[in-house]
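Okay, structure first, notes after.
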Amino acid sequence: TPAPRYTLARLLRKGIYNLSHLGHVSFKSLTSPIFTYHTSTSPETQSLSNDKNTVSHWLTSIIPYITHTSPAGTDLVAPPELRQSAAEQYLLALPLYAPPQIKAPFPRNTYASDASLRTFPSPITSTYSTPPSSLTLAAIGHNTGFVASLSSPRYFANTSHAEVAACLSAILLAKESEESQVFSDYLPLVRWISQRRKPPSAFHTWMANILDRRTAPMSVKHVKAHTSINSVPSNMNRAADHFASNAHNLCLPLFPIPTFHMAPHCFFSASHGFIEGDISQYVQTIPSLRHIREYGVLNNELILPGLYDPTPPPTFPYDRSPYAYSTIIQLYARCAQLDTRASTFSRLENGFSPWCRFGCSEFETPYHIFSACPHFLPIRESYTSSLLSSIRTVIPDSISPDIHQRILDITSSLFYDSSYWPAFLTRYYLGFAPSLYHLPIPLSLVRSLSSIFHSMSIKLAGRIWADVRRKGFVDRFGTTSPRAVNNNLSEVVRLIFRL
């Protein structure tokens, strides 16, 4: 029921136009803000005592109504300090228990944190704007453990955010009055804490706030991930990794989003939540995902884009590189418009053969030409060798040997059918690459590897298709030299539409 107009007019005449003049916002629960009318001896509020119940009831009902109309969340009406206090109390109130793989308790005042991302294949009829995924985080300590999920519709999160959230959870679990240490395998976070540069996200600001409030020293140290070293830091890191990696199928509590440390003006998407950092990366990612989802059936073959690497392709090969011809080949392949013999035969039939022009007993389809034709095997091997050389230069020394080898194995199979590809079929010529997000490597390295994969795939596809067109020219005219230009309009039109 709306408050009477004369009541609101009386509030304005008395100079009461802020909620703080009448009461304060509190939380009955984390998602249900209520307005509490406080008593006051000031003449302005005493004259409104008759309207106390009306105003209190109206404000109590209008605040949830206003906040529920915004998809950003109902807690934004509360002060930032109150939101941070509620979030920290919420984390400390979650059940703490020892992970089952811990056979003996770890040292006191020693903690470890880790995060895990798992992307699930999306069905054909999926309505997700991005492939469904699970982002978990874990913090463990002396005979205790903590696990939560950061797959929240309120925040556009990635593994770096989850690593920071896991580390700040471990810091929060440690007693403020006792000297403690936390081990993390996320080296950028450890370096940021030691240098204290500008916080890249609200999670970093929240962590810095927790560290500043501590009365006892707290050290965050780096530990190499996925090693077989028998030491306390390595054992704790393996336990935290196991704890987070095996929690994807569990019903986990959601990690609170630190809206209280976000910028006053922050981008928000109804489908992805708050967006911090480089908005251009988000702008490039979402339209590309939407495009490949809407045009998933490519080259008369069923393609599920959610199974491949979701990293947006680099823009340089498309608008500034001299390989523009190669990018057109990729576009034609995606649209099933490459004039392979199988495609030409399916459209024109009479006078055309669907068999490979290089003598193979296979239909000349884009897949056969780019991936299976033995005529181009030396070219694929040469480009694979060049690709491996490029990849080795960008892999940092901090990557463990087994993960280093897995990256090289994926690289070696980029142009060939292998188990690293969905359905065991390579699709590099369509602009796809095997997903690397399941590997425990930094997001920046994933983007660098994906960019190199994409650029080299474009070059190889252009090189192979150039040889195909050259062979077609020889078969038709008996020479590799171009003919004299024919200005006959009908001949020009016929040649254009043959493409």
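The values are calculated or read from the model by the stated rules, or taken from the named source; none is laboratory data. Just so we're clear, the structure is a prediction, and the values are computed from it rather than from any experiment. Please note: Cβ atoms are built from the backbone with ideal geometry, for glycine as well, and neighbour counts cover all protein chains shown. Accessible surface is based on the protein model in full, side chains and every heavy atom, while ligands, DNA and RNA are left aside. Shrake-Rupley method; radii C 1.70, N 1.55, O 1.52, S 1.80 Å.
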Which of the residues belonging to the range 391-430 are open to solvent by 10 Å² or more (accessible area, probe 1.4 Å) and in contact with a Ser or Thr (Cβ under 7 Å, 6 or more places away or on another chain)? VAL394, SER400, SER412, TYR416, ASP417, TYR420, PHE424
Set TYR383, TYR429, TYR416: member being more than 20 Å from TYR308 (Cα to Cα) and in contact (Cβ under 8 Å) with a residue 24 or more places away in the chain: TYR383
ARG447 being closer than 24 Å to THR315 by Cα and charged (D, E, K, R): yes
Under 6 Å between Cβ atoms, at least 6 apart or on separate chains: pull out the pairs that start in the range 208-219 with a residue that is farther than 15 Å from GLN195 by Cα and end on any residue that is polar (S, T, N, Q) and loosely packed, with under 15 Cβ neighbours inside 10 Å. THR215/SER177; ALA216/SER177
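Conditions tested, residue by residue: (1) assigned to a helix (DSSP H, G or I); (2) open to solvent by 40 Å² or more (accessible area, probe 1.4 Å); (3) modelled with pLDDT of 85 or more.
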position	(1), (2), (3)
GLY306	yes, no, no
LEU331	yes, yes, no
GLY351	no, yes, no
PHE370	yes, no, yes
SER382	yes, yes, yes
